């Protein structure tokens, strides 16, 4: 039987978030992520959705996405450069 990918509808309007590749300067500088902060996966926001930082170990960040993206990921560990913080002022439009 072939696996069928069924897209999950996100409770957030992640299509409004800018795509920021990991190698882009904005993705690498000026980020001080902290537990409890809301972030998204920069290169493709719709894949993971919006998540909350749960742990940080060196350059690796554990994020609880709660299945808010197309891939249905609940928790993943990503390098800091792949995550973009969401300012509290932007949450109202999402």
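Maximal additional length on extending the residue 52-residue 93 stretch stands at 13.0 nm, based on 0.36 nm per residue less the C-alpha distance. Residue separation of residue 44 and residue 74 scaled by 0.36 nm, minus their Cα-Cα distance, works out to 9.2 nm of gained length.
A helix-only calculation puts the chain at -1000 deg cm²/dmol for mean residue ellipticity at 222 nm, using -39500 (n - 2.57) for each DSSP H run of at least four residues, averaged over all residues.
Taking Cα pairs under 8 Å and at least six residues apart, what relative contact order does region 37-93 come out at, in percent?
Values: 112 pairs, mean separation 19.4, N = 57.
Relative contact order, region 37-93: 34 percent.
Given the choices (i) 59; (ii) 47; (iii) 43, percent of Cα pairs over 17 Å apart derived from the coordinates of this structure is entry (ii).
Quick note: the coordinates plus some simple rules give every number you see, no bench work behind them. Please read these numbers as outputs of a predicted model, since none were measured by experiment.
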